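Visitor: Have a look at this one before I ask anything.
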Amino acid sequence: MKRLCYLALLTVLVLALAGTPLAAAQPAEDMVEIGGSVYVPAGRDVEDAVAIGGSVTVLGTVWGDAVAIGGPVSAAGDIRGSAVAIGGPVAISGNVGEDVVAVGGPVSLDGTVRGNVVSIGGGVQLSSSSKIQGQVITIFGAVHRQPGAEVLGGEFSMGLEGLGRLLQLGGINPIQVLGFFSLWGFLISLVLWGFTTLLATAIFPGHVQAVGDTIEREAGWSLVVGLAASVLVLPLTLVLMITIVGIPLVLVLWLALAAAKILGMAGFGMLVGGRVSGSFGWDLAPLVQVLIGMVILLAVTHIPLLGWLLGMLVKMVGLGAVLRSRFGTGRPWVSRTA
């Protein structure tokens, strides 16, 4: 995904990732609407189509990704990248070159998808002329296939009853654990953390993957850096508040910290979910890996007595990995001129 399009998608992540380098010049322009809809007419070529609080309709060609936050995505034309809707449905009657993802909405397919089709909190409807070269993955939803629909990568579905199985895959006895912590507290945490981490993964998949890789390689150093950052943030806040010039930076600092925690949890979730799915030979989409990992991590952090400590360690390691990977960019904090 092209970084420039998504600088407005999530304020927290925007401030944290503002230093990400822009991609090279593209053959078409971007279409971005905040509080409105994006319409790509037939015969029109655009790079990325992004709508926040509106819909994305594609009759022409989108060379990158079509993303709607709080609205639907519909395409009768061509999307060379991915079609993603957060809080809305996706309807495809044309072609999608990569993945189709709907979080909080269903997917209706009457065309061709070269990647995976993922629906979280909705179902997937496949017409007789639909063809998917990857997998169809539904979380809390069902797959309805008409005769003739082709799914070359197979199907994976999980409902509410699958939560217990996921906990068991992570080495946790759900009966013992759920008997100690509030189920409602767990579900609320899963909704909040799940939404933010899935959103971060949908928009910045490469950054999330880089953070997860850093946790896997440098968990110890990540913990040290995360603890140091948590200790220093309060004194730094006080120092900034002393000067009038530094007061606006306090907001930036805390928003960046929130962004780092979201990105860190997403990376940790992808690492855990990837390990679990890999051990069973599942080739799951990154969004599903993150969701599986978040279920396991949040279950662990809700265990009484030890849960708060485990939760703190998870957050500190994630925060440290974000800082060590430069928010998943791998670039130096300060640019060096020749």
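Visitor: In the same structural domain as D213 (by TED's automatic domain parsing) and more than 13 Å from the chain's Cα centre (by Cα), is that true of G269?
Guide: No.
Visitor: While we're looking at this one, here's another question. For the stretch 32-50, enumerate the residues that are in a strand (DSSP E or B) and either more than 17 Å from V96 (Cβ to Cβ) or in contact with a helix residue (DSSP H, G or I) (Cβ under 9 Å, 6 or more places away or on another chain) (or both).
Guide: Once the filter is applied, which keeps residues that are in a strand (DSSP E or B) and either more than 17 Å from V96 (Cβ to Cβ) or in contact with a helix residue (DSSP H, G or I) (Cβ under 9 Å, 6 or more places away or on another chain) (or both), the stretch 32-50 yields V32, E33, I34, Y39, A49, V50.
Visitor: Any idea which residue in the stretch 89-104 is modelled with the highest pLDDT, counting only those that are under 18 Å from the mean Cα position of the chain (by Cα) and surrounded by fewer than 24 Cβ atoms within 10 Å (Cβ to Cβ)?
Guide: Within the stretch 89-104, the match that is modelled with the highest pLDDT is P89.
Listed here are the residues, each with its yes/no results for (1) in contact (Cβ under 8 Å) with a residue 24 or more places away in the chain; (2) among the aliphatic types (A, V, I, L, M); (3) part of a strand (DSSP E or B).
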position: G88; (1), (2), (3): yes, no, no
position: V101; (1), (2), (3): yes, yes, yes
position: G105; (1), (2), (3): yes, no, no
position: S108; (1), (2), (3): no, no, yes
position: G122; (1), (2), (3): yes, no, no
position: S128; (1), (2), (3): no, no, no
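Visitor: Further question on the same structure: Can you tell me which residues in the stretch 110-120 are in a loop (DSSP other than H, G, I, E, B) and within 15 Å of A285 (Cβ to Cβ)?
Guide: Scanning the stretch 110-120 gives R114, G115, N116.
The values are calculated or read from the model by the stated rules, or taken from the named source; none is laboratory data. As the structure is a prediction and not an experimental result, all values here were calculated from the model. Cβ atoms come from the backbone with ideal geometry, glycine included; neighbour counts cover every protein chain shown.
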